[in-house]
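The values are calculated or read from the model by the stated rules, or taken from the named source; none is laboratory data. Keep in mind that this is a model prediction, so the values were computed, not measured. Here the Cβ is made from the backbone with ideal geometry for all residues, glycine too, and neighbour counts use every protein chain on show. Just the protein is used for accessible areas: all its heavy atoms, side chains included, with ligands, DNA and RNA removed. Shrake-Rupley method; radii C 1.70, N 1.55, O 1.52, S 1.80 Å.
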Amino acid sequence: MKYEVVIGLEVHCQLSTNTKIFCGCATTFGNPPNSQTCPICLGHPGVLPVLNRKVVEYAVMAGLATRSTISSPNVFSRKHYFYPDLPKGYQISQFDKPICEHGTIEIVVDGTPKRIGLTRIHMEEDAGKNLHEGLGDVSHVDLNRAGVPLLEMVSEPDLRSPEEAVAYLKKIRTLVIYLGICDANMEQGNLRCDANISLRPVGREKFGTKVEMKNMNSFRFLKQALEYEIKRQAKVLDEGGTIVQETRLWDTKRGVTESMRSKEEAHDYRYMPEPDLLPVVVERAWIDAIRQNMPELPDAKRERFVADFGLSEYDADVLTVSRELADYYEAAVAAFSGDPKTTCNWVMGELAAKLNETGTPIEQCPMTAAQLAGIVQAIHSGEISGKIAKTVFGEMYGTGKDAAQVIREQGLVQVSDSGAIDAMIQSVMAANPDKVADYRGGKDKLFGFFVGQVMKASQGQANPQMVNERLKALLAG
Amino acid sequence: MEPHSWTIHEARERLDNGRITATGLTRSVLARIEAVEPRVAAFNTVCADMALEQAAAADRRLQAGERGGLLGIPLALKDNMITQGVATTCSSRILKNFVPPADGAMAARFKEQGAINLGKTNLDEFAMGSSTENSATQITRNPWNLERAPGGSSGGAAACVAADMALAALGSDTGGSIRQPAALCGVVGLKPTYGRVSRYGLVAFASSLDQIGPITKDVADAAIVLGAIAGRDPLDATSSARPVPDYSRGLKDGIKGLRIGVPREYFIDGMDAPVADAVRAAIDTLKGLGATVREISLPHTRYAVATYYLVATAEASSNLGRYDGVRYGHRAMDARDLLEMYMATRDQGFGPEVKRRIMLGTYALSAGYYDAYYKKAQQARTLILKDFTDAFGQVDVIATPTSPTGAFRLGERTADPLQMYLSDIFTISINLAGLPGMSQPCGVDGNGMPVGLQLIGKAFDEATMLRAGWAFEQATAFHKAKPSL
C-alpha cells in the first residue's frame, strides 16, 4: 500500500547565555565535572530558582523570528521524574502556558516553499549527565549542564518526508545561529532533536499511531533514522500488523531503531505550576525593545540580496546560510559595489574552497572582505584577468597582502596595449608559418592554438579579449 | 530577673546602654539551656561555642557604637532553615548528617545584624505535623507540662522561647506551624503575609504556603523581629518588594474605632469550652479598648482542611523528590540497582507522616486526577481568599481562636492523623489566603494550659494586627506568665 508519512519534530536548543537559567553558574562546555555548580543547580534543600531574564529575551527572539504569539503571562511548571542527572526530582519547564505559540517556519525542498506550523516554544532547564565509561560498576553524575537554559520548539505534524524534516531542522539551526541565541553544534549536543513519526494510507485524514524517536544527533542520522522507521512501519502495516505507540532509540552503529519504552511504561510527569517562580510577564515595550535589537533574519536578507545585488535565489540562499558569511559578502560589496555578482562568485567559489580546504570558519578568514573586494575590482577594471586573479588570490591568502601589492610586485598587470599584443602575435606567426598557412587554408580550429601560444608568450598577462580580436585581424592577413 | 528571661526589647535597652554585654546575655541563655533543655528537648543542635564567638563579635560592634535591631540578641532557628557549617536536619533521618555549604536568608540576616544563633530547634519531620512528635530526632515537651506536646511543627521553637532558652526564635508556618505551637506554649507566634519574608534557605514543605516568622515572648518583640527579617530578597522570586514599615513605631497608637470581625464558622461544635470562653473574653477586652466587634462569615471555611491537604501534599510530594540519595543526605547502601537505591533510601529516610503526605500528593497530581484534586483545590483556594477579601471590606482585623484545644498529651493523637490534622483547622485558611496571622496568649484551658488568640490581618498589613495585639497585651498579663521548670 502507498502511505503518507507524517512527521513532527521536537527540537531542543541550548541557549548561549553566560549563566544558567535559575542560578549564576557558568555554562561553559567541557570543563571538569561539577566545576560549574552551586547549591541551586545541585538541588540542595532550601534553595530557590530565580529566572535569568536573558533566557526570556532569547525565547522572545525565537518567537518573533517564527511569527509566534508571545504569551504574557506565561508560566513555568514542574515536570517530575527520578533520574540521577535530575537534581530536584523535577525539571522546571513550561507546560500549559508556554511563552510562544502558533508560529511558522518556512522551508524549501526541491525548490518548493512550504510552511511548517510551530505549535509552541517553551523555556526549560537542561539536566546533567550520567557518566559510565571507564568507571567499572559505578556511575558518576556531572551536573555542569544541569540548569543550562533550553528552548524546546515543537512543530505541528506538518512534515511529510525525511527531506522536509532535515530542511526544517536546518532552518531552525540557521535561525538560532542568526539570532545569536544558540551555538547549534549538534555534536556538542546544543541542538538536539526528537521526532514523532506515523504513516497513514494516502488519502486518509486520520493519523496513524505515532512512534517517538530519540538520539538523532546529526542531520544525517535524522534522515537515516526516519528513512529506516518509514520502512519498518510500512512493513508492519503491509503485513497487517499494528504500530505500537512507543519510544524508539536510533542506534547509530547498527543503523536501526530499537524500542526504548512502551506507552504503558511512559512517565506520568505529574506537571504542576512552579510555585517558586512568578508567572512571566512580557510587556509590549520589552518585546519592542527586543525586536529592535534583533539582527536581520535569513529570509529577509535573502530577499534583499536578490533585490539589491541582482543575485539569483540560489546564490542568495547559499550566502545567507550563516550570518557571518552574509556579513562577509556584504562587507566585500560595501568595499567595491561595482560587481556584486562577481563578488558572490568569489566568495562562494575560490574563498569557500580555500576555507573548506583549511577547515577555517569564515569568521576567522585571514583575508578581509575589503581585500577580496580588491581582487574583484582589479578584474572589473580590466587590470587583471580572471585567471591571473586566481594567482593573485593564492598569493594574498595567508600573506595578508593586498591585491594591488601582489599585482605590482609580481608585475601581473594585464597587457592591454595593442602594439605589444600585435608584436607578440607577429612573433608567434613568424615561428609557425605552416600553421598560418593551414589556418588561412580553412583550418579554423587552429585559432585556439594561436591564442594559447600568444597567452603563453605573454606569461598569461595579455588581455584575452584583445588577443582574440587582434589575432583574428592579423591572421586574416 | 535573670537575663535569659528578658524580652528582646528589655535586652535591647540594656545592651544599648551598656548594662550587659552580648556575651553576658548569651552566657545566661546558654546556662538556662544547660539547666532545662534535658527536660524540654527543644533543640536538635546547640551551638554554644559559635554563639559565644558571635556574642564577642556583637560586643565589638556595640563598643564601636552600633545600636538597635537584633545586634547581640541570642535567638534560635528552626532546624529547617539552612545554616552554613551547622547541620540542618529537618528532624529527618534523610538529612541527618547534612551540613549546608552556605547560609539561607535568615542565617545571613542574623549575621548581618549581629544576632546570635544559639542553635537549631526541633520540628515535625519536614514541618509536617502539629505536635513535633513526627520528629526523627527526639520528643520535645511542652514547658508548661512535660507530659504534653508543644504543638507543631515549630514545637522546638515555641518550647525554647516559652522555657527562656532563647529570647526569640524563628519558625516556619505552612498551615499553622508557628501559631499553633505558640498558642500551646503560651508565647506569641506571627506568620507574615506570603512574600513578606524571604523563603531562601527554608527547606520547602509546600512552597505556596510556607512562610517564616517570629516566635517571641510578647507582641513588641514580634514587631522587632518581623521588621528585622522582612523585605525583598533577590534570591526569592516570590518575596515582595513592598517597603517594610517600622512595625514598632505604630504599636502604641491604640485601637479606638478598630473594626474587628469574628467569623461565626470559627466557633464550632466540639470545641473545648474553656478555649472558646478565653477567646470570647479576649474579644470583649478588645471591645473594651475601643474596638468595634461584629460577626462576619467566611462561608468556605469548611473546605479549608480538604483544600489544604491537597495543595500542601501535592507541593510536598514535589519538593521532597530531591531526597534521592544521589547527592547528599542518607543513601541506602545495600541496593542492587538504581530503582532499589531510590526506594530503600526513601523508605529508610522518611518517617510515616512524610510518606503518607508524599503518597497523597503524588496521587493528587497524577494524570487523570489532577483536575479533580489539585486543580479543584486551587479553585477552592480562590474562594477561601475571596471570603477574606469580602470580610476585609467590613473589618480591619479578624479575631479567632488559634487552636480548638490547648496542648494535648504526648501520644494522644499520633494514632489518628485526621484528628491531628484538625489541630490546624483555624490556622490553615490563613495560609491558603496568604494573609498574616498572629497567635498570642489569652488565658488557660481546663488543664491549666495556655490558650491562644489569633488575629488575622489584611495582606501586608501586619502593622494593624500588631497594634491590636499590643493593645490587648497592655491590658492583660497573660504574656507575662511563665512555666515553672
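The table below gives the values:
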read-out	value
Mean separation of Cα contacts under 8 Å (6+ apart) over length of region A:192-281, as relative contact order %	24 percent
Distance histogram for region A:72-115 (every C-alpha pair counted, 10 angstrom bins, percent rounded to whole numbers)	23, 26, 21, 22, 7
Residues losing 30 Å² or more accessible surface upon assembly, region A:267-288, compared with the chain by itself, 1.4 Å	A:Asp268, A:Arg270, A:Met272, A:Pro273, A:Pro275, A:Asp276, A:Leu278
Distance in nm between pseudo-label sites at A:Val109 and A:Glu265 (7 Å out along the Cβ direction from Cα)	3.1 nm
Surface share of carbon and sulfur [accessible, 1.4 angstrom probe, percent] for chain B	53 percent
Formal net charge of residues neighbouring A:Val256 (Cβ-Cβ distance under 12 Å; K, R +1; D, E -1)	+1
Partnerless Cys - chain A, beta-carbon criterion under 4.7 Å	A:Cys23, A:Cys25, A:Cys38, A:Cys41, A:Cys100, A:Cys193, A:Cys344, A:Cys365
FRET efficiency, 1/(1 + (r/R0)^6) with R0 56 Å, evaluated for B:Lys386 and A:Ala234 via beta carbons	0.45
Amide H contacts of B:Phe460 (H built 1.01 Å from N, under 5 Å, at least 5 apart or other chain)	B:Thr193
Rounded if a/c under 1.5, otherwise prolate or oblate - region B:170-221, Cα gyration tensor axes	prolate
Residues in region B:216-251 that, when all protein chains are in place, have 30 Å² or more less accessible area than the chain alone would give (probe 1.4 Å)	B:Leu235, B:Ala237, B:Thr238
Residue-averaged beta-carbon neighbours from other chains (10 angstrom radius) around B:373-382	1
Label-to-label distance, nm, for residues given as A:His380 and B:Arg61 (7 Å Cα→Cβ offset)	7.2 nm
Pairwise centroid distance, computed over Cα atoms, of region A:263-290 with region A:332-368, Å	44 Å
Per residue accessible area of chain A, 1.4 Å probe, in Å²	47 Å²
Computed [θ] at 222 nm, helices only, for the protein assembly as shown once each DSSP H run of length n ≥ 4 contributes -39500 (n - 2.57)	-11500 deg cm²/dmol
Gyration tensor over alpha-carbon atoms, chain B, equivalent ellipsoid semi-axes in Å	31, 29, 21
Formal net charge of residues neighbouring A:Arg470 (Cβ-Cβ distance under 14 Å; K, R +1; D, E -1)	-2
Surface share of carbon and sulfur [accessible, 1.4 angstrom probe, percent] for region A:1-74	52 percent
Shielded residues, region A:22-68 - accessible-area loss of 40 Å² or more between chain alone and all protein chains, probe 1.4 Å	A:His44, A:Pro45, A:Gly46, A:Leu48, A:Val50
Relative contact order [Cα under 8 Å, 6+ residues apart], chain B, whole percent	18 percent
Set of region B:130-145 residues, backbone N closer than 13 Å to the point 7 Å along the Cα-Cβ line of B:Asn447	B:131, B:141-145
Diffusion constant of region A:418-475 at 20 °C, which comes from Stokes-Einstein with the Kirkwood Cα-pair radius and 1.002 mPa s, µm²/s	193 µm²/s
Proportion of all alpha-carbon pairs of chain A beyond 38 Å (%)	44 percent
Where only C-alpha atoms are counted, convex hull volume of region A:3-286 per residue in Å³	150 Å³
Accessible area per residue, Å², chain B with all protein chains present, probe 1.4 Å	34 Å²
Gyration tensor verdict on region B:3-254 (Cα atoms; rounded if a/c is under 1.5, prolate if a/b is larger than b/c, oblate otherwise)	rounded
Hull volume in cubic angstrom per residue (convex hull over the Cα atoms of the protein assembly as shown)	234 Å³
Dimensions (Å) - region A:296-410, Cα atoms, principal axes, largest first	43, 31, 19
Full-stretch length increase - A:Tyr314, A:Glu156 - with 0.36 nm per residue and alpha-carbon distance subtracted	54.1 nm
Counted charge near A:Lys301, where neighbours are those whose Cβ lies closer than 11 Å (Asp, Glu -1; Lys, Arg +1)	-4
Between region B:154-204 and region B:297-358, the Cα center-to-center distance that results, in Å	22 Å
Mean separation of Cα contacts under 8 Å, 6 or more apart, over the residue count of chain A: relative contact order %	14 percent
Spacing of the two label points (7 Å from each Cα toward its C-beta) at A:Gln188 and B:Asp347, in nm	4.5 nm
Summed buried accessible area for B+A [probe radius 1.4 Å, Å², rounded to 100]	2700 Å²
Listed residue pairs exceeding 30 Å between alpha carbons, taken from A:Lys20/A:Lys79; A:Lys79/A:Lys253; A:Lys129/A:Lys170; A:Lys354/A:Lys472; B:Lys78/B:Lys482	A:Lys79/A:Lys253; A:Lys354/A:Lys472
For region A:367-417: rounded, prolate or oblate by the Cα gyration tensor [a/c cutoff 1.5]	prolate
Principal-axis tilt of helix A:162-179 within chain A, Cα atoms, nearest 10 degrees	90 degrees
Accessible-area composition of region A:296-410, carbon plus sulfur, in percent [1.4 Å probe]	49 percent
Distance from region B:433-447 to region B:207-254 (C-alpha centre basis), Å	18 Å
